[in-house]
Amino acid sequence: MMPKLPAWEEIRLVLPEIGLAVGMCAVLLVPFARRLSKSVPAAAALIALGLAGFFAVDSLGVSGRSILAGALVIDPFSQFFKVLLVVFTVLVLAQWLLAGKDRISAADTPDFLCLLLGATAGMALMASAANLLSIVVSIEMASLPSYALAGMRKLQRRGSEAALKYVLFGAVASALMIYGCSLLYGLTGSLDLPTVANAVVSGFSPLLGLGVLLLFVGLAFKLSAVPLHFWCPDVFEGAPTEVTTFLSVASKGAAVCLLTRILWSFGAAAAAGVGGERGWNLLVGLAVAVAALGAITATWGNLVAMHQTNLKRLLAYSSMAHAGYLMMAVGLIAISGPTGPAAAKLNLLPGHVAAAVLFYLLVYLFMNMGAFTVVALAAQQVGSEDLRAYRGLMAWSPWLGVLLTVFLLSLFGMPGLGGFLGKIYLAVVMTKVGSIGFVLIAVLLFNTLLSLYYYMRPVYFMAFAGGSGAEDDSPLADARGSLMPSLPGAVPGVGVAVLVICALALVWTGLGGGSGMTKDYGLIWSPPGQAAAIVSAESK
Amino acid sequence: MPTLAQTEFSHFGPLVLLLVLALGFAFGNLILTHVLGPHRQGKIKGMTYESGMNPIGTARRRFNVRFYIVAMTFLLFDVEIVFLYPWAVVFPSLAEQSALRPLFLARVLFFLLTSVIAFLYAWRKGVFRYD
């Protein structure tokens, strides 16, 4: 038996991940050349990210294909997500260089950057995983560096608490997921996701159902969906702000992409007619279950966020809510399809859902990036992440105040900013599903209303609450009652520039930019012989 | 690949026997000691066993983290060795006369190289400095 070497065509498609892996090694070896430097490892990391981004953009146009003997799937959906991921990691690094560089010692900088690149590589693989083994390995590769990154604030109790909670929770969730994958492998005889999906849809049994349930347990952990969300606020609060930013978007985005792919594997099986009417009913149940879980997650996140006084915890619950909104739409991809019972009863194509997901992630990237960068910059000056310490921020730094308001409004979904169109596209997906869809839209609207309260609380503290949150000998004290309210040099200009870029991106997406791009790239690969052609999203 | 219905459960016989013997031996010895042994207690008899010497101080104190890090590093390379075993079994029969043979060696050497990089990193971080 002669093992085959992967063809150069296939290796070309995984070059982004290879670039990130090489970057990890390069960053670790930098101390041999230049000890105790922060900028050289950061430069090496940025070069690696640039290469990975170049390769990802280069592979954007490739049509969907399964490579490496079915381990990975490269389609426009996954490659677009990888481009977003790399851009996002560059922005996170920029945030680190601006506001967090001094909190991590020079001896720890290569570790931090290696872990960041490692988590990025794992998340990139998560978007492409099409094999039970790839799913497990990529989730682990994305999670393990995150555990260490969460504890990067070494000498603070909150940081260690965050890391420990994340590790323990994640280890148990991973164990359950791997057990579920082993059950699925044992019962179906194959690691390949389309084959497993076929077997599940055609011959459902309680044991197979248990396997699928446990697999979703692992995914629910990454998504911070309701029964497994308890790690989210503590980890987001205790981790350094750059890591929180990274986890809130990249980790959840990768999990959403993986969930989309797994649900579409099941959906493609049903769309091909496997399992007949019984299989179709099974998938309707699955779709409703995932959407209901998303609804519960969103409601829970919104309700608990109202009580938060720490801005990072508030944004953690807000990220839970956004993951919930995404799950509500992604669940419906299981009952989509261009052929079979899906086409007969509904009008939903997988490309619709994929495009909506990608657009939402694009907008979400800039919203969270901006909000957390403001938190990081303000924490540098004010010294606290508590809402009450933000009193008078609008007077002290109008840039931070106004831009944070823009980001919070976009998170809420104010028309004119990207968050609104993101939610609209999710709602459009829901309208194509009949009565379930209208229930989901009602839940989406209700949750959006709930979220208005806690998104506007920081604005209240910044602009309308009296007094100043800092002690009397701080820069804020000088701003009270002053005619020239903004202090030059208090907030680095580069930081404000990054924030302005994010805000402009939100306005651009709010006016419709980026939606054409996501429609073009929202194509998920279907296994050959099942849903016959990959159909692109039609007009929404 | 057989499914649950077609699995030959008799193949698991030796494994079950191994489990029964191992657990049985361990628990059997414990139970027999408890049942057949003398029941005498005493202050000197109940002291911590330190190979016949008098124990000095308590065991509940802080240990240097270098032991933990060395154990972690050992674990990493141990797992790497585990991955080498199947490769070593298969390698002689791979591509026997073909020119691709060095390539298979190169692939596993690349795998080892990633561990070497980790080793160099640990070295540079001072994991092996024990003073």
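Every read-out reported here was derived from the displayed coordinates using simple, explicitly stated rules and does not represent laboratory data. Quick caveat: nothing in here was measured; it's all calculated off a predicted structure. No Cβ is skipped: glycine too gets one built from the backbone with ideal geometry, and neighbour counts run over all protein chains shown.
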* Please state the charge dipole magnitude for chain A, taken about the Cα centre, from unit charges on C-beta atoms (+1 on K and R, -1 on D and E), reported in debye and rounded to the nearest 20. => 240 debye
* Asked: Relative contact order for the range A:98-248 using alpha-carbon pairs under 8 Å, separation at least 6, rounded to a whole percent?
  -> 27 percent
* Structure fact -> Residues whose modelled amide H sits under 5 Å from the amide H of A:I67, counting only those 5 or more places away in sequence or on another chain, are A:L72, A:V73, A:I74
* **C-alpha center-to-center spacing [the range A:345-377, the range A:1-52] in angstrom** => 28 Å
* Structure fact -> When A:C257, A:C181 are ranked with the fewest other C-beta atoms within 10 Å first, the list becomes A:C181, A:C257
* Structure fact -> The local net charge around A:A124, scoring Lys/Arg +1 and Asp/Glu -1 for residues other than A:A124 whose Cβ lies under 10 Å from its Cβ, equals 0
* Output ³J(HN,Hα) for the range A:25-36: one whole-Hz value per residue in order, computed from phi by the Karplus curve 6.51 cos²θ - 1.76 cosθ + 1.60 with θ = phi - 60°, and x for Gly and Pro. => 5, 4, 5, 5, 8, 4, x, 6, 8, 9, 6, 6
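Can you give the calculated 222 nm mean residue ellipticity of chain B, where each DSSP H run of n ≥ 4 adds -39,500 (n - 2.57) and the sum is split over every residue, rounded to the nearest 500 deg cm²/dmol?
Working: 3 runs with 75 residues, N = 131.
That comes out to -20500 deg cm²/dmol.
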* **Cα-Cα P(r), the range A:161-312, percent of pairs per 10 Å interval** => 11, 36, 31, 16, 6, 0
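Given Cα pairs under 8 Å that are at least 6 residues apart, what percent is the relative contact order of chain A?
It comes to 15 percent, rounded to a whole number.
For A:A334, what is the net charge nearby, where nearby means another residue's Cβ is under 14 Å from its Cβ and Lys, Arg count +1, Asp, Glu -1?
That works out to +3.
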* Structure fact -> With Cα coordinates, the longest principal axis of chain A makes an angle with the long axis of helix A:398-412, in degrees rounded to 10, of 20 degrees
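Report, in listed order, any pair from A:K252/B:K125; A:K101/A:K252; A:K165/A:K519; A:K252/A:K345; A:K345/A:K519; A:K252/A:K519 with a Cα-Cα distance greater than 29 Å.
A:K252/B:K125; A:K165/A:K519; A:K252/A:K345
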* Asked: Against the longest alpha carbon principal axis of chain B, how many degrees, from 0 to 90 and to the nearest 10, is the axis of helix B:101-125 turned?
  -> 50 degrees
* Structure fact -> Extend 7 Å from the Cα of A:Q156 along its Cα-to-C-beta direction; within the range A:230-261, residues with backbone N under 16 Å of that point are A:233-247
* Whole-Hz couplings from phi, Karplus 6.51/-1.76/1.60, listed for the range A:493-504; x for Gly and Pro -> x, 5, x, 5, 4, 4, 5, 5, 4, 4, 5, 5
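Filter the trypsin sites (Lys or Arg not before Pro) in the range B:39-131 down to the DSSP loop ones having no more than 14 other Cβ atoms within 10 Å, then list what survives.
When the trypsin sites (Lys or Arg not before Pro) of the range B:39-131 are filtered for loop state and at most 14 Cβ neighbours within 10 Å, B:R40, B:K43, B:K45, B:R60, B:R61, B:R62, B:R129 remain.
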* In peptide B:115-128, how many Cβ atoms from other protein chains are near each Cβ within 10 Å, on average? -> 3
* To do: Compute the long axis of helix B:13-36 from its Cα atoms, compare it with the longest principal axis of the Cα atoms of chain B, and write down the angle in degrees, 0 to 90, nearest 10.
  => 20 degrees
* Asked: If you wrap a convex hull around the C-alpha atoms of the range B:4-125 and split its volume per residue, what is the figure in Å³?
  -> 276 Å³
* Cut-off under 5 Å, modelled amide H: who pairs with A:N131 long-range -> A:L193
* To do: Would you tally the net charge around A:G285, using a Cβ to Cβ cut-off of less than 15 Å, leaving A:G285 out, and scoring K and R as +1, D and E as -1?
  => +1
* Asked: What average count of beta carbons from other chains do you get within 10 Å of the Cβ of residues in A:181-188?
  -> 1
* Asked: Counting every Cα pair in the protein assembly as shown, what percent are over 33 Å apart?
  -> 52 percent
* For the range A:221-226, just list the computed ³J(HN,Hα) in residue order, Karplus coefficients 6.51, -1.76 and 1.60, θ = phi - 60°, integers in Hz, with x standing in for Gly and Pro. => 4, 5, 7, 6, 7, 3
